[in-house]
Amino acid sequence: MVAKLRAAGLFTVLTLAVAGCGGAKIEDPGAAAPAGKDCGTVNLAVSPWVGYEANAAVFAYVAEKDLGCKVVKKDLKEEIAWQGFATGEIDAVLENWGHEDLKKKYITDQKVAVEAGPTGNTGIIGWYLPPWLAAEKPELKNWKNLNRYAATFKTSESGGKGQLLDGDPSFVTNDEALVKNLKLDFKVVYAGSETALIQAFRQAEKQKKPLIGYFYEPQWLFNELKLVKVDLPPYTAGCDATPAKVACDYPDYKLDKIVSKKFADAGSPAYNLVKAFTWTNDDQNQVAKYIAEDKLTADAAAKKWVDANRPKVDAWLGK
Amino acid sequence: MAAITGSLQVRMPRPRRIYVVGVLLLCWVLLFLVFRGIHTLELGGQETTPLHRWLTDIRDQTGPDRNAFFTAIRVVIDELVTLLQALISQPSFGRPVPALGWLGVVALASYVAWAFGTWRVALLTAAGLVFVGLQGLWQESMDTLALTLAAVGLALLVAIPVGIWAGLSDRVYRVVSLVLDLMQAMPTFVYLAPLTLVFAIGPAAATIATLIYAAPPAVRLTAHAIRSVSPASVEAARSLGSTGAQTLTKVLLPMSRSTVVVGVNQTIMAALSMVTIAALIDAPGLGKTVLKALQTLDVGVAFNAGLAIVVLAIVLDRATTAAGARVPRPASTRRKVFLGIGGLVVLVAIWYSRTYLWAAEFPTSGELGSRIAVAADSTSTWFLERFGSFTYGVRDGVTNGVLNPVESLLTGSPWWLVFAVVVTFAWLVGGLRGAIPAAVCLGLLVGTGVWQDAMVTLASTLLATTVVVAVGILLGVWMGRSRKVDSWLRPALDAGQTMPAFVYLVPFLALFGTSRFTAIAAAVVFAVPVTSKIVADGIRAVPAATVEAATSAGSSAWQVVTKVQLPVARRAITLAANQGLIYVLSMVVVGGLVGAGALGYDVSAGFSQSELYGKGLAAGLAIVLLGVLLDRITQAAARRTAAGPAESRGDKKKWLRS
């Protein structure tokens with residue numbers, strides 16, 4: 001054993017010596033920062049869904065390559081990201097869905113954050129059907145026909161009623177009130193996570209199982225599965241004012257950007273970029289597809305899109 | 001007739017108790033039919049009680065004004081983690097690579113494993129680290145390692161002294177046990193968000209979250225080790241004139257060394273199992289890879305990262321175990337020479353890793369990693385296509401046949417009826433020592449305001465635990481009787497314990513849909529390993545002479561198992577059931593992510609919706625209360641039935657929670 005060890009040691013030294021001869025040496029990076037106005041560091045919150053990641057990827061790519069900023073991405077759930085405005089650890093949230101409660105707390109009351117305009121994306125929330133079901137029973141697209149089919153949506157979890165599948169607890173939802181106020185013979189069952197929700201829709205399409213559930217656009221899944229939205233009673237301004245009495249569809253959400261007050265006041269080029277950053281749902285879905293389905297890294301996905309859409313990017317930069 | 005009375009007379013006490021329990025259950029069902037649906041303390045998803053709102057207010061009032069004390073702690077921990085990352089994972093000190101390249105890390109880690117353990121473990125360490133590198137996850141793994149080392153190091157700084165203190169004083173021991181119960185059973189989601197408020201977003205909060213979860217085993221095992229040192233040795237030291245400090249450093253600590261190392265080992269395992277959850281507050285490393293993959297339901301990539309966590313866990317586990325087993329003695333001259341030569345090789349490797357790019361950055365295209373990902377993906381797809389149709393039937397059968405009846409009995413009965421039945425039951429099986437804690441826990445559960453959700457969770461927990469105990473005993477007996485089976489099953493069990501549950505959630509969702517059953521299945525995977533390991537230990541501890549006597553008396557294998565081994569190992573089995581239960585409870589929150597609803601959902605809702613914070617906290621407390629309730633009842637029952645001699649081996653495992 002001793003001899004073996006000695007041999008092994010010697011062998012290692014020899015291998016290292018031989019292999020080392022031809023290797024490339026590590027070089028000091030030197031002063032590689034691009035010239036131009038000093039941009040500084042941007043602390044960017046990245047929330048756990050791919051659409052947001054797409055926004056963050058493109059913003060970070062442009063900020064780093066064109067403005068020479070240092071972008072620090074922090075993976076955080078929304079609630080915690082907003083906490084960061086107050087403590088100075090987060091400079092920007094790039095895709096905010098409504099969250100009036102957080103706006104009140106941090107923008108109106110604590111005055112630590114400010115709005116930085118829309119992202120150009122429209123968020124749509126509602127009840128969706130897998131494509132096969134919508135094709136087979138088009139009448140399901142009208143909420144009035146839901147009760148007739150309640151029995152087909154029964155599962156082991158829905159206690160004899162039809163199942164309406166909801167998602168992650170952080171999603172904006174009125175579904176319990178909707179079911180009650182529209183007198184639907186359904187029970188809201190919480191999948192508990194976006195992952196569980198997507199998997200349920202995938203299974204339902206693949207195995208041709210009936211399913212109705214909460215979903216939203218823009219979402220990368222739509223590249224793969226064109227879910228069909230159910231028409232609820234149309235939204236009118238103020239119809240969702242009292243949460244317990246809601247009996248109408250969700251409004252369209254103008255997704256927007258929020259930045260910390262400190263970051264806005266400093267007025268760095270990065271802040272101007274946050275303000276100028278706008279694109280469409282298709283743009284976002286494209287980048288989300290690169291990340292989710294083509295498995296590109298966030299950076300590579302951003303590069304691919306930026307290279308193909310240079311004029312848009314130049315407009316953000318005021319060129 | 002005569003035969004029946006005869007047997008009744010012989011075994012008077014036990015059948016009678018079972019009979020009484022049966023009557024109790026029957027009364028419950030009858031009363032349930034009468035009072036069903038009243039006083040069920042139902043609370044809707046978005047509804048809160050004054051207690052919940054009060055808890056939320058407290059959170060809001062703490063706000064971001066941190067005091068200097070917490071800031072100091074945060075800065076120190078942040079610096080420590082950043083330093084470790086600079087050493088092994090992140091570009092640092094003005095260079096594009098970490099201070100130690102992969103070659104340096106592999107050489108150094110193997111050398112340390114060899115110096116403190118054995119050359120086999122050194123080989124395993126090198127192989128494990130290289131494998132992780134080949135998976136294309138070197139940097140992520142080193143980030144995880146850096147965070148784990150920081151958390152474990154800090155945990156031990158506190159845990160060992162507290163453990164020693166608890167080992168020396170009974171009163172401290174009692175207080176500490178209570179706190180440790182709370183630390184381990186409280187779902188991590190509950191304190192994740194508040195931690196970022198106090199310690200800011202960044203490595204510090206992630207490290208502290210990991211530390212809270214990981215420290216208890218080290219405290220427990222240290223205290224246990226100190227307590228198990230034979231009084232004779234202490235007496236001998238005292239009579240030779242040793243002071244208290246001398247007794248501690250010269251007698252108590254050296255004699256308890258190996259058990260303390262087991263504690264360190266368990267702390268490392270616990271820290272690694274926190275990796276994915278801590279990633280929710282931006283902890284660096286493999287956890288992020290798992291969570292990102294989960295967003296796109298990429299089973300393969302999640303598995304690849306999960307596998308890296310398992311490999312790290314196995315390397316660290318075997319290395320610390322070997323270090324603990326090693327008898328400390330002065331090295332021979334020959335060993336000293338070898339250690340010297342080895343040290344030189346390490347220095348050369350480090351120099352290479354600082355000079356050449358190939359030795360600094362792991363030279364891989366991630367080819368192996370993507371192959372593992374593809375293989376995992378296609379295996380799970382194949383499996384799903386094979387069994388996908390059949391599993392829904394199983395789910396519906398179990399849910400409708402067992403889960404729903406139990407659940408509606410628990411949730412449909414008035415709370416005072418459940419209260420009365422459970423307390424009476426606890427009194428019957430455990431006497432006053434069972435009844436009093438049961439009454440207190442149930443009273444507090446009513447106070448949390450999430451009574452009904454707690455009953456839903458209780459129903460699933462009872463079912464999951466029953467399955468865990470059945471499977472655990474089956475596997476444990478099999479392992480305990482055959483070394484070969486043991487060595488085959490053990491890596492799989494290790495994987496079951498350390499593979500993040502997030503990785504197998506997607507396939508399970510495909511198999512069973514979003515349902516309570518899915519959550520139960522995930523809990524079973526997580527809890528069976530610890531149960532079967534403890535049962536196997538207990539079976540192996542049955543004296544060989546006893547087994548031989550039975551065999552030579554003509555008993556069949558079945559008779560040996562049921563008449564000799566299981567009864568003798570009864571204490572170990574009780575303990576195994578108890579640990580299985582706690583592991584099941586620690587999966588409740590994960591269950592909430594796959595459709596189990598109830599307390600698990602409340603906790604994660606509290607984590608992501610500011611107005612539900614207080615309710616989430618109350619739900620977290622409810623999980624702890626359920627744990628304490630079931631734990632105290634089983635302990636009291638075990639104390640009553642356990643007449644046999646205590647086995648030290650099975651007993652020791654009690655402290656091995658992780």
Cα centroid separation, segment B:459-490 to segment A:122-177 (Å): 40 Å
Theoretical FRET efficiency, 1/(1+(r/R0)^6), r = Cβ-Cβ of A:Val228 and A:Lys295, R0 41 Å, to 0.05: 0.90
Shape category assigned to segment A:174-281 from the gyration tensor of Cα positions, a/c cut at 1.5: oblate
Test item: A:76-87 mean partner chain Cβ contacts at 10 Å: 6
Largest-first ordering by accessible area, 1.4 Å probe, given options B:Tyr583, B:Tyr601: B:Tyr601, B:Tyr583
Expected 222 nm ellipticity per residue - DSSP helices of 4 or more, -39500 (n - 2.57), all of chain A, to 500: -11500 deg cm²/dmol
0 to 90° range, to nearest 10: angle between helix A:78-87 axis and chain A longest Cα axis: 60 degrees
Kirkwood Rh and Cα Rg combined as Rg/Rh, the protein assembly as shown: 0.97
Cα centre as origin, Lys/Arg/Asp/Glu Cβ charges: segment B:41-185 dipole, Debye: 500 debye
Shielding of A:169-178 by partner chains, average beta-carbon count, 10 Å: 3
Cβ neighbours within 10 Å from other chains - mean over A:207-218: 1
Net charge contributed by nearby residues that have their C-beta within less than 9 Å of A:Tyr235 (K/R +1, D/E -1): -3
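What 222 nm value per residue comes from the helices of chain B, counting each DSSP H run with n ≥ 4 as -39,500 (n - 2.57) and dividing by all residues, nearest 500 deg cm²/dmol?
Value at 222 nm, helices only, nearest 500: -26000 deg cm²/dmol.
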In Å, descending, principal axis extents of the Cα set of chain B: 85, 61, 58
Area accessible to solvent at A:Phe59, 1.4 Å probe radius, in Å²: 0 Å²
Cα gyration tensor category, rounded, prolate or oblate, for segment B:414-558 with a/c compared to 1.5: oblate
Peptides ranked, highest mean first, by Cβ atoms within 10 Å: ranges B:212-222, B:457-467: B:212-222, B:457-467
Peptides B:106-115, A:133-142 ordered by average Cβ neighbours within 10 Å, highest first: B:106-115, A:133-142
Test item: Cα-centred dipole of the protein assembly as shown, Lys/Arg +1 and Asp/Glu -1 on Cβ, debye: 3960 debye
Burial order of peptide ranges B:185-194, B:333-342, B:604-613 (average beta-carbon count within 10 Å, highest first): B:604-613, B:185-194, B:333-342
Cα principal axis extents for segment A:63-112, largest first, Å: 35, 19, 16
Tally of Lys pairs whose C-alpha atoms are under 18 Å apart, taken over chain B, 8 or more apart or cross-chain: 4
Segment B:419-578: relative contact order in percent, alpha carbon pairs under 8 Å with at least 6 residues between: 25 percent
Lysine pairs meeting the criterion (Cα under 19 Å, 8 or more apart or interchain), as found in segment A:90-160: 4
Separation of the B:Thr355 and B:Val394 label points, Cα + 7 Å toward Cβ, nm: 5.8 nm
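What does the extension gain come out to for B:Thr249 and B:Val21, with contour length at 0.36 nm per residue minus their alpha carbon separation?
Roughly 76.9 nm would be gained on extension.
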Nearest-10 value in Å² for the accessible area of B:Ile164, using the 1.4 Å probe: 20 Å²
Residue-normalised accessible area of chain B, expressed per residue, 1.4 Å probe, Å²: 43 Å²
For segment B:271-325 versus segment B:126-155, the gap between their alpha-carbon centres in whole angstrom: 9 Å
Segment B:331-489, relative contact order [Cα under 8 Å, separation at least 6], %: 15 percent
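The values are calculated or read from the model by the stated rules, or taken from the named source; none is laboratory data. These figures come from a predicted structure and were not determined experimentally. Ideal geometry is used to build each Cβ from the backbone, glycine not excepted, and the neighbour counts take in all protein chains shown. Calculation scope for accessible area: heavy atoms of the full protein, side chains included, ligands and nucleic acids excluded. Shrake-Rupley method; radii C 1.70, N 1.55, O 1.52, S 1.80 Å.
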